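Accompanying notes for the structure given below.
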Amino acid sequence: MSDNSTELLHEVADSEYKYGFVTDIESEKAPIGLNEDTVRFISAKKNEPDWLLKWRLKAYQHFVSLTDKEAMPDWAHLNIPEIDLQAISYYSAPKQNPEYESLDEVDPELLETFSKLGIPVQEQERLVGIAVDVVMDSVSVTTTFNAELDKNGIIFCSFGKAVQNHPELVKKYLGRVVPYTDNYFAALNSAVFSDGSFCYIPKGVRCPVELSTYFRINAAGTGQFERTLIVADDDSYVSYLEGCTAPQRDENQLHAAVVEIVAMESAEVKYSTIQNWYPGNADGVGGIFNFVTKRGICEGDRSKISWTQLETGSAITWKYPSCILKGDHSVGEFYSVAFTKGKQQADTGTKMIHIGKDTSSTIISKGISAGNSQNAYRGLVRVNRGAENARNFSQCDSMLLGDRCGAHTYPYLEISNPSAQVEHEATTSKVGEDQIFYCKARGISETDAIKLIVNGFCKEILAKLPMEFAVEARNLLAIELEGSVG
Amino acid sequence: MLEIKNLHVSIEEEQKEILRGLDLKVGPGEVHAIMGPNGSGKSTLASVLAGRDGYEVTEGSISFDGDDLLELEADERAREGLFLAFQYPVELPGVSMSNFLKQAVSSVREHRGLDALSAGDFLKLMKEKAALVHLDPALKARAVNEGFSGGEKKRNEIFQLAMLDPKLAILDETDSGLDIDALRIVADGVNTLRSSDRSFVVITHYQRLLDYIVPDVVHVLVDGKIVLSGDKSLALKLEEHGYDWIRDESALPAS
């Protein structure tokens with residue numbers, strides 16, 4: 001690569017995060033530190049039933065029982081600084097915590113925040129087909145489109161509300177896909193989760209709107225531990241969108257979410273994510289540590305779970321949205337674009353666990369690395385003994401922008417049934433000087449050329465996103481690539 | 001339109017001088033052919049004109065329509081109306097032809113102070129220009145040059161030329177790898193695009209292309225210099241006798 005284009009790529013890679021600002025809203029915080037009292041404080045704040053407090057406490061006991069050796073997962077291609085869990089406040093709720101009748105009652109500063117993000121709630125509300133459950137610092141602030149959802153018997157609310165209004169459903173499914181013993185961060189989340197979203201689609205119902213949740217970390221020094229639970233009953237369908245942006249910060253923030261999906265017979269769940277947490281400054285200071293456990297189970301026959309993600313943010317991303325294909329003929333999909341720049345590190349991928357007969361899974365992962373970033377795909381395809389005729393197709397492509405970044409691919413295959421058909425393709429390419437020159441020779445500027453080439457590279461994934469999101473995704477990628485030029 | 005004076009160019013990495021005092025003057029609407037043996041510097045000339053990185057101009061000047069070409073970046077040159085048809089067109093996976101050309105055409109039009117084309121007008125333009133070189137209009141959905149045959153790639157270059165409406169087009173061995181039918185299609189396309197305000201520099205190794213695209217002037221490039229210029233009969237003479245007689249005749253200093 002020539003000096004010129006390398007220089008530009010470095011500029012692009014070093015460009016500043018464009019969504020950095022802090023909203024001045026008073027919040028009510030838990031005392032700093034993690035102990036049993038913290039867990040009790042959170043549970044009491046949320047007015048939880050006894051069974052949930054007990055579950056949290058069990059999770060907490062498990063968490064503290066983890067020895068140092070099995071504590072922080074260290075197998076990822078990540079350089080994780082030590083995180084002082086005693087220096088974090090585990091609960092922070094906006095002080096005014098009423099139920100809003102209309103948007104007029106919402107803190108104007110909050111609305112201003114959303115408009116800065118380019119997602120004003122008013123506009124969202126008017127956008128046909130999107131119901132937004134806005135989660136700000138863990139507590140659900142406003143829910144729209146409830147009437148439309150009620151009509152269909154769909155439950156879509158904050159996790160806290162679901163605990164109050166639908167305890168039987170929460171009790172039945174909580175921890176079923178991601179038990180608190182699953183991993184270090186899942187245990188931590190189970191003990192101290194503050195809020196999140198809950199969604200239940202009844203039998204035979206096709207959710208008429210795209211369900212959408214925006215998460216935001218706002219109060220300084222507050223880890224956010226959301227918990228999302230989606231249950232799709234027999235023959236139902238739901239498309240769920242999750243988008244994240246976070247304000248600029250100097251200290252690292254821990255984000256350890258858990259998402260659980262249950263798809264019953266012939267149900268289909270499509271889960272889409274745009275992740276744009278603050279990645280830290282050009283020197284790698286600050287930024288979100290994003291340690292997420294996302295997993296769905298295709299419980300019933302012919303069920304389907306599809307994960308699509310655009311990951312552009314966070315200082316460190318550790319995330320493997322996975323599918324357990326338990327039902328016969330069930331289908332799991334994972335489509336991912338991970339873009340890293342500056343000093344970002346991402347280790348992301350999926351696990352496809354084939355248990356039922358005639359199950360199939362598809363994995364398409366596109367990693368783009370710029371600057372000094374490290375970008376790894378890590379994926380497991382496991383075919384159990386009884387999983388007759390399992391099919392998997394995996395494709396992992398990596399693109400390097402510049403010469404100081406890294407791309408890595410770690411595929412794992414565990415095949416215990418000889419009838420399985422598993423295909424894996426992987427490519428690594430570098431945005432070529434030739435490609436950039438070809439574009440420039442047609443009058444296209446270098447920045448636009450890189451955007452074109454990168455967009456072309458991830459096109460098939462972005463096309464999987466719901467339309468509203470696809471536009472946002474392309475804009476986000478363009479902003480991320482823009483750098484200080486253009 | 002284009003005036004090159006005493007151009008000396010080295011390849012940056014090799015410190016090797018490729019062009020050694022090249023002079024060339026192309027007037028508006030003229031078609032100039034540049035012929036020469038392998039390694040004479042033909043492609044280097046095309047690359048330097050288009051602004052590819054990796055070449056160092058150590059001496060001389062290039063003026064393009066009154067501007068100092070060497071002061072401009074490659075994309076600026078394209079917007080100013082200089083077009084290079086690549087010898088080896090580059091593939092852009094996932095980037096559709098229509099997206100690529102939309103971006104190219106709009107940046108060129110914006111630079112020239114023209115209004116952006118409506119989506120409908122743009123598609124109409126694409127259809128019209130694709131027909132010039134018998135390209136399937138369905139190509140607009142295909143990725144740039146990906147999966148194109150050799151002939152399609154070359155026709156695609158002429159199609160892009162037509163879309164961008166340049167003042168000066170440089171064809172870098174556009175005939176290489178083409179069968180006679182494809183050659184004719186490409187030449188017909190170019191001939192249609194000839195006009196009094198568009199000049200061409202046709203770089204070729206063989207005389208064959210010049211049967212179809214008849215040049216006003218033929219130059220012979222040997223060892224980085226134009227050693228002989230003449231009318232189209234010169235091309236025929238080269239075809240017949242090769243390049244050796246020129247070396248002898250021009251009595252080049254031993255290099």
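The values are calculated or read from the model by the stated rules, or taken from the named source; none is laboratory data. Computed from a prediction, not measured in an experiment: that's the story for all the values here. Glycine gets a Cβ as well: all are built from the backbone with ideal geometry, and neighbour counts include every protein chain shown. For the accessible areas, the whole protein counts, side chains as well, though only heavy atoms, and no ligand, DNA or RNA atoms are used. Shrake-Rupley method; radii C 1.70, N 1.55, O 1.52, S 1.80 Å.
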Original post:
Computed on protein heavy atoms with a 1.4 Å probe, what is the summed buried accessible area for the chain pair A and B, in Å² to the nearest 100?
Top reply: 2100
Original post:
When only the heavy atoms of the protein chains count and the probe is 1.4 Å, how do A:436, A:415 rank by accessible area, highest first?
Top reply: A:415, A:436
Subject >> Label-point separation in nm, residue A:416 to residue A:388, each point 7 Å along Cα→Cβ >> reply: 1.8
**OP:** For residue B:72, enumerate residues with amide H under 5 Å from its amide H, sequence gap 5+ or separate chain, H modeled in the peptide plane.
**Re:** none
**OP:** Please determine, in degrees from 0 to 90 and to the nearest 10, the orientation of helix B:119-132 with respect to the longest principal axis defined by the Cα atoms of chain B, where the helix direction is its Cα long axis.
**Re:** 40
Original post:
From the square roots a ≥ b ≥ c of the eigenvalues of the alpha-carbon gyration tensor of region B:174-218, which class results: rounded (a/c under 1.5), prolate (a/b over b/c), or oblate?
Top reply: oblate
Original post:
In whole percent, what relative contact order does region B:1-130 give with Cα contacts below 8 Å and a gap of six or more residues?
Top reply: 23
**OP:** Could you go through region B:191-202 in sequence order and give the Karplus-derived ³J(HN,Hα) for each residue, using 6.51 cos²θ - 1.76 cosθ + 1.60 with θ = phi - 60°, rounded to whole Hz, and x for Gly and Pro?
**Re:** 4, 4, 8, 5, 7, 5, 10, 10, 9, 10, 10, 9
Original post:
Under a 5 Å amide H to amide H cut-off, with H placed in plane at 1.01 Å, what residues pair with residue B:228 once short-range neighbours are removed?
Top reply: B:220
Original post:
What whole number of Å gives the distance from the Cα centroid of region A:336-408 to the Cα centroid of region A:425-449?
Top reply: 24
Original post:
With a sphere of radius 12 Å drawn around the Cβ of residue A:392, what net charge do the other residues whose Cβ falls strictly inside it have (Lys, Arg +1; Asp, Glu -1)?
Top reply: -1
**OP:** Give, in nm to one decimal, the length gained when the segment between residue B:240 and residue B:58 is fully stretched (0.36 nm per residue of separation minus the Cα-Cα distance).
**Re:** 62.0 nm
Original post:
Mind ordering A:166-175, B:83-92 by average Cβ neighbours within 10 Å, highest first?
Top reply: B:83-92, A:166-175
**OP:** Give the relative contact order (percent, whole number) for region B:2-249; include only Cα pairs under 8 Å separated by 6+ residues.
**Re:** 28
Original post:
Using θ = phi - 60° and the Karplus curve 6.51 cos²θ - 1.76 cosθ + 1.60, what whole-Hz ³J(HN,Hα) does each residue of region A:225-238 get, with Gly and Pro shown as x?
Top reply: 10, 8, 9, 10, 9, 10, 10, 10, 6, 3, 6, 9, 9, 8
Original post:
What are the residues whose amide H is under 5 Å from the amide H of residue B:31, where those residues sit 5 or more places off or on another chain and H is modelled from the backbone?
Top reply: B:200, B:216, B:217
Original post:
Local charge sum around residue B:138 (other residues, Cβ-Cβ under 13 Å, Lys/Arg +1, Asp/Glu -1)?
Top reply: +1
**OP:** For an R0 of 51 angstrom, estimate the FRET efficiency from the Cβ-Cβ distance between residue B:11 and residue A:423 and round to the nearest 0.05.
**Re:** 0.75
**OP:** From other protein chains only, count the Cβ atoms within 10 Å of every residue's Cβ in A:426-438, then give the mean.
**Re:** 4
Original post:
Average partner chain C-beta neighbours within 10 Å, per residue of A:362-370?
Top reply: 0
Original post:
If one computes P(r) from the Cα atoms of region B:2-249, what percent of pairs lie at distances over 32 Å?
Top reply: 20
**OP:** Ignoring everything but the protein chains, give the 1.4 Å probe accessible area of residue B:55 in square angstrom, nearest 10.
**Re:** 60
**OP:** Keeping the other protein chains in place, figure out the carbon and sulfur percent of the accessible area of region B:2-249, with a 1.4 Å probe.
**Re:** 45
**OP:** Subtract the Cα-Cα distance of residue A:37 and residue A:471 from 0.36 nm times their separation in residues, and report this length gain in nm to one decimal.
**Re:** 151.8 nm
Original post:
Going from most exposed to least, what order do B:241, A:255, B:205, A:424 have by accessible area with a 1.4 Å probe?
Top reply: B:241, A:424, B:205, A:255
**OP:** Compute the accessible area per residue over region B:2-249, keeping the other protein chains in place, probe 1.4 Å, unit Å².
**Re:** 43
Original post:
What average count of beta carbons from other chains do you get within 10 Å of the Cβ of residues in B:49-56?
Top reply: 3
